[in-house]
Amino acid sequence: MNAGPVTIRAERDGDEAAIAAVIGRAFADHPHSDQSEARIVAALRAAGALAVTLVAEAGHAVVGHVAASAVSIDDGTPGWYGLGPVAVEPPYQRQGIGTSLVAGTLLRLRALGAAGCVVVGDPAYYRRFGFGPPQGLVLPDVPPEYFMALSFASTWPAGTVAYHAAFTAGA
(Lines give C-alpha, C1' and ligand atoms only; values in the text may rest on other atoms or scores of the structure.)
Protein backbone atom coordinates (compact mmCIF):
# COMPACT_ATOMS: atom_id res chain seq x y z
CA MET A 1 0.00 0.00 0.00
CA ASN A 2 1.37 3.41 -0.91
CA ALA A 3 1.14 5.72 2.06
CA GLY A 4 0.56 8.82 -0.02
CA PRO A 5 1.23 12.04 1.86
CA VAL A 6 2.22 11.32 5.44
CA THR A 7 2.36 13.91 8.19
CA ILE A 8 4.56 13.50 11.26
CA ARG A 9 3.11 15.33 14.24
CA ALA A 10 3.10 15.27 18.03
CA GLU A 11 0.67 12.91 19.70
CA ARG A 12 -2.57 14.63 20.72
CA ASP A 13 -5.26 13.82 23.25
CA GLY A 14 -7.57 11.31 21.63
CA ASP A 15 -4.79 9.50 19.73
CA GLU A 16 -4.28 6.88 22.44
CA ALA A 17 -6.56 4.13 21.08
CA ALA A 18 -5.28 4.51 17.51
CA ILE A 19 -1.68 4.42 18.75
CA ALA A 20 -2.31 1.26 20.79
CA ALA A 21 -3.93 -0.41 17.77
CA VAL A 22 -1.05 0.52 15.45
CA ILE A 23 1.52 -0.74 17.94
CA GLY A 24 -0.39 -3.98 18.41
CA ARG A 25 -0.58 -4.68 14.68
CA ALA A 26 3.01 -3.59 14.04
CA PHE A 27 4.40 -6.02 16.61
CA ALA A 28 1.84 -8.85 16.17
CA ASP A 29 4.18 -11.10 14.19
CA HIS A 30 7.52 -9.71 15.38
CA PRO A 31 9.73 -12.61 16.48
CA HIS A 32 11.27 -10.71 19.42
CA SER A 33 8.07 -9.16 20.76
CA ASP A 34 6.16 -10.27 23.83
CA GLN A 35 3.26 -8.01 22.75
CA SER A 36 3.91 -5.59 25.63
CA GLU A 37 4.79 -2.56 23.51
CA ALA A 38 1.35 -0.88 23.63
CA ARG A 39 1.18 -1.41 27.40
CA ILE A 40 4.64 0.14 27.77
CA VAL A 41 3.60 3.26 25.85
CA ALA A 42 0.39 3.53 27.88
CA ALA A 43 2.36 3.17 31.13
CA LEU A 44 4.90 5.80 30.00
CA ARG A 45 2.03 8.14 29.09
CA ALA A 46 0.28 7.55 32.45
CA ALA A 47 3.55 8.27 34.28
CA GLY A 48 4.11 11.50 32.34
CA ALA A 49 7.37 9.99 31.10
CA LEU A 50 6.99 10.46 27.34
CA ALA A 51 9.61 13.07 26.45
CA VAL A 52 8.74 12.76 22.75
CA THR A 53 5.75 10.96 21.26
CA LEU A 54 5.07 11.34 17.57
CA VAL A 55 2.54 9.86 15.18
CA ALA A 56 2.56 9.40 11.44
CA GLU A 57 -0.76 10.23 9.87
CA ALA A 58 -1.90 9.22 6.37
CA GLY A 59 -5.19 10.84 5.48
CA HIS A 60 -6.83 11.08 8.87
CA ALA A 61 -5.54 7.74 10.14
CA VAL A 62 -2.65 7.14 12.51
CA VAL A 63 -0.31 4.71 10.70
CA GLY A 64 2.82 5.00 12.85
CA HIS A 65 4.09 5.95 16.28
CA VAL A 66 7.36 6.48 18.12
CA ALA A 67 8.14 7.20 21.76
CA ALA A 68 11.19 8.43 23.62
CA SER A 69 11.60 8.53 27.37
CA ALA A 70 14.39 9.37 29.79
CA VAL A 71 16.77 6.61 30.83
CA SER A 72 19.05 6.61 33.83
CA ILE A 73 22.74 5.81 33.81
CA ASP A 74 24.25 4.62 37.06
CA ASP A 75 27.17 7.05 36.77
CA GLY A 76 24.60 9.86 37.25
CA THR A 77 24.94 11.38 33.77
CA PRO A 78 21.71 13.23 32.96
CA GLY A 79 20.02 13.94 29.65
CA TRP A 80 19.96 10.51 28.02
CA TYR A 81 16.86 9.04 26.46
CA GLY A 82 15.66 5.71 25.17
CA LEU A 83 14.07 5.50 21.74
CA GLY A 84 11.17 3.17 21.27
CA PRO A 85 9.03 1.49 20.63
CA VAL A 86 8.81 2.46 16.96
CA ALA A 87 5.72 1.09 15.21
CA VAL A 88 4.32 1.36 11.68
CA GLU A 89 1.17 -0.34 10.37
CA PRO A 90 2.29 -3.41 8.38
CA PRO A 91 0.84 -2.23 5.01
CA TYR A 92 2.75 1.05 5.42
CA GLN A 93 6.12 -0.43 6.36
CA ARG A 94 9.19 -0.01 4.14
CA GLN A 95 7.98 3.35 2.84
CA GLY A 96 10.14 5.63 4.98
CA ILE A 97 7.56 6.29 7.69
CA GLY A 98 9.63 4.69 10.46
CA THR A 99 12.68 6.59 9.24
CA SER A 100 10.74 9.87 9.41
CA LEU A 101 9.48 9.07 12.91
CA VAL A 102 12.96 8.22 14.22
CA ALA A 103 14.59 11.23 12.55
CA GLY A 104 11.88 13.53 13.92
CA THR A 105 12.35 12.13 17.40
CA LEU A 106 16.12 12.63 17.31
CA LEU A 107 15.64 16.24 16.16
CA ARG A 108 13.22 16.88 19.02
CA LEU A 109 15.54 15.27 21.56
CA ARG A 110 18.39 17.52 20.39
CA ALA A 111 16.08 20.53 20.68
CA LEU A 112 15.33 19.50 24.27
CA GLY A 113 19.07 19.58 24.99
CA ALA A 114 19.44 15.81 25.28
CA ALA A 115 22.96 14.46 25.72
CA GLY A 116 22.24 11.27 23.79
CA CYS A 117 19.92 8.43 22.99
CA VAL A 118 20.00 4.65 23.33
CA VAL A 119 18.00 2.05 21.43
CA VAL A 120 17.49 -1.69 21.37
CA GLY A 121 16.90 -2.98 17.86
CA ASP A 122 18.23 -4.04 14.50
CA PRO A 123 21.75 -2.63 14.05
CA ALA A 124 21.36 -2.51 10.26
CA TYR A 125 18.35 -0.22 10.66
CA TYR A 126 19.56 2.08 13.44
CA ARG A 127 23.09 2.64 12.11
CA ARG A 128 21.60 4.90 9.41
CA PHE A 129 20.75 7.40 12.16
CA GLY A 130 24.25 7.35 13.67
CA PHE A 131 23.63 4.75 16.39
CA GLY A 132 26.52 2.44 17.10
CA PRO A 133 28.30 0.54 19.86
CA PRO A 134 27.56 2.28 23.15
CA GLN A 135 31.17 3.05 24.20
CA GLY A 136 31.01 2.23 27.90
CA LEU A 137 27.27 1.84 28.32
CA VAL A 138 25.65 -1.50 29.04
CA LEU A 139 22.06 -2.68 29.19
CA PRO A 140 21.74 -5.86 31.24
CA ASP A 141 19.99 -8.87 29.70
CA VAL A 142 20.19 -7.52 26.14
CA PRO A 143 22.61 -8.97 23.61
CA PRO A 144 25.23 -6.23 23.16
CA GLU A 145 24.93 -6.20 19.36
CA TYR A 146 21.29 -5.01 19.69
CA PHE A 147 21.99 -2.24 22.21
CA MET A 148 23.20 0.94 20.51
CA ALA A 149 23.73 4.56 21.44
CA LEU A 150 24.09 7.95 19.82
CA SER A 151 25.85 10.74 21.70
CA PHE A 152 24.81 14.29 20.81
CA ALA A 153 27.96 15.60 22.50
CA SER A 154 31.64 14.77 22.28
CA THR A 155 31.63 12.87 25.57
CA TRP A 156 30.20 9.53 26.56
CA PRO A 157 28.97 8.44 29.98
CA ALA A 158 30.01 5.03 31.31
CA GLY A 159 27.73 2.73 33.21
CA THR A 160 24.62 0.64 33.27
CA VAL A 161 21.53 2.03 31.56
CA ALA A 162 18.05 1.56 33.01
CA TYR A 163 14.86 2.29 31.10
CA HIS A 164 11.82 3.76 32.86
CA ALA A 165 9.94 1.33 35.12
CA ALA A 166 7.10 1.36 32.55
CA PHE A 167 9.19 -0.99 30.44
CA THR A 168 8.24 -3.71 32.91
CA ALA A 169 4.56 -3.07 32.10
CA GLY A 170 4.47 -6.18 29.97
CA ALA A 171 6.33 -8.39 32.38
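The values are calculated or read from the model by the stated rules, or taken from the named source; none is laboratory data. What you are looking at is a predicted structure, and each value in this text was computed from that prediction instead of being measured. Glycine also receives a Cβ, built like all others from the backbone with ideal geometry; neighbour counts cover every protein chain displayed. In case anyone asks, the SASA skips ligands and DNA or RNA and just uses the protein heavy atoms, side chains included. Shrake-Rupley method; radii C 1.70, N 1.55, O 1.52, S 1.80 Å.
Accessible area per residue for the chain is 49 Å², calculated with a 1.4 Å probe on protein heavy atoms, without ligands, DNA or RNA.
Placing +1 on each Lys and Arg Cβ and -1 on each Asp and Glu Cβ, with no other charges, gives region 75-171 a dipole about its Cα centre of roughly 340 debye.
Size of the chain from its Cα atoms: along the principal axes, largest to smallest, the extents are 44, 31, 30 Å. Rg over Rh for region 100-171 works out to 0.95, using Cα positions for both radii and the Kirkwood form for Rh. The value obtained for region 1-75, namely the Cα convex hull volume divided by the number of residues, is 124 Å³ per residue.
For region 38-155, with all protein chains in place and a probe radius of 1.4 Å, 55% of the accessible heavy-atom surface sits on carbon or sulfur.
Subtracting the Cα-Cα distance of Ala21 and Asp74 from their residue separation scaled by 0.36 nm leaves 15.6 nm.
A full extension of the chain between Ile8 and Trp156 corresponds to an added length of 50.3 nm, given 0.36 nm per residue minus the alpha carbon distance. Accessible surface ranking for His30, His60, His164, 1.4 angstrom probe, highest first: His60, His30, His164. When the Cα positions of His60, Ala47, Ile23 are compared along the charge dipole of region 1-97, His60 comes out farthest toward the positive end, with charges on each C-beta of Lys, Arg, Asp and Glu. Net charge dipole, region 30-135: roughly 260 debye, given to the nearest 20, about the Cα centre with Cβ charges of +1 for Lys and Arg and -1 for Asp and Glu.
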